[in-house]
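Scroll down for the structure; my scribbles are underneath it.
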Amino acid sequence: MSEKRSSPVCSAAEADDVYMGFAGRDELLASLNELLEAERAGAKVALASAKMEAAPDYVALMRTVRSDEARWCAMLSRQITRLGGNPSRKTGAFRDKALAISLAMERLSFLNRGQGWVVRKLEALLPRVRDDALHADLREMLECHRTNILLADALLGSRPAVAR
């Protein structure tokens, strides 16, 4: 007696990323370039902020943030290239808005909101990334941004965020 299968063999592992609910290549490249432009803006803001007349702990945090942002710019550029895309050369509009803020702690509050934007973008993107290497890099980037937000919050203390 032959055995009858109730359903065909599952071929999900070979299915297209978009069909399976993951971001397609074009969507990934657009998202990665948007993040790259934001990280580039953050790096420039942190570099300029580290040169401000401010408390040593503020300057130290800005140097840390600048180093991290530069690291993520390099990672994003590398991943975009690996996926066959061209890394954007643009800098996000965030830079000009942040640099218009002349007080160090107000700029830090604004920068922290920008870090929060990156966290939200990564949290939305990560479940849709099928590529293990890219997922690992983006997960590390997310955790680093969360850490920097906590460091900035600690420096800001109980000061309310400044609306701009």
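The values are calculated or read from the model by the stated rules, or taken from the named source; none is laboratory data. Just so you know, these numbers come straight off a predicted model, no measurement behind them. FYI the Cβ positions are ideal-geometry reconstructions off the backbone, even for glycines, and counts take in every protein chain you see. When the accessible area is computed, the model is the full protein with side chains, heavy atoms only, and any ligands, DNA or RNA have been set aside. Shrake-Rupley method; radii C 1.70, N 1.55, O 1.52, S 1.80 Å.
Worth a mention:
- The stretch 103-129, residues that are farther than 18 Å from VAL65 by Cα and open to solvent by less than 20 Å² (accessible area, probe 1.4 Å): LEU125, LEU126, VAL129
- Hits in the stretch 130-146 (condition: open to solvent by 10 Å² or more (accessible area, probe 1.4 Å) and more than 18 Å from VAL65 (Cβ to Cβ)): ARG130, ASP131, ASP132, ALA133, HIS135, ALA136, ASP137, ARG139
- Test result for LEU155, in contact with a helix residue (DSSP H, G or I) (Cβ under 8 Å, 6 or more places away or on another chain), open to solvent by 70 Å² or more (accessible area, probe 1.4 Å), more than 30 Å from ALA23 (Cα to Cα) and not β-branched (Val, Ile, Thr): no
- Considering the stretch 34-93, and only residues there that are open to solvent by 50 Å² or more (accessible area, probe 1.4 Å) and acidic (Asp, Glu), the residue that is modelled with the lowest pLDDT turns out to be GLU53.
- Residues located in the stretch 37-66, provided they are of a type in the set (Ser, Thr, Tyr) and under 18 Å from the mean Cα position of the chain (by Cα): THR64
- Scan of the stretch 64-122 for residues that are charged (D, E, K, R), outside any helix (DSSP H, G or I) and either under 15 Å from LEU142 (Cβ atoms) or without any contact (Cβ under 8 Å) to a residue 40 or more places away in the chain (or both), ordered by number: ARG89
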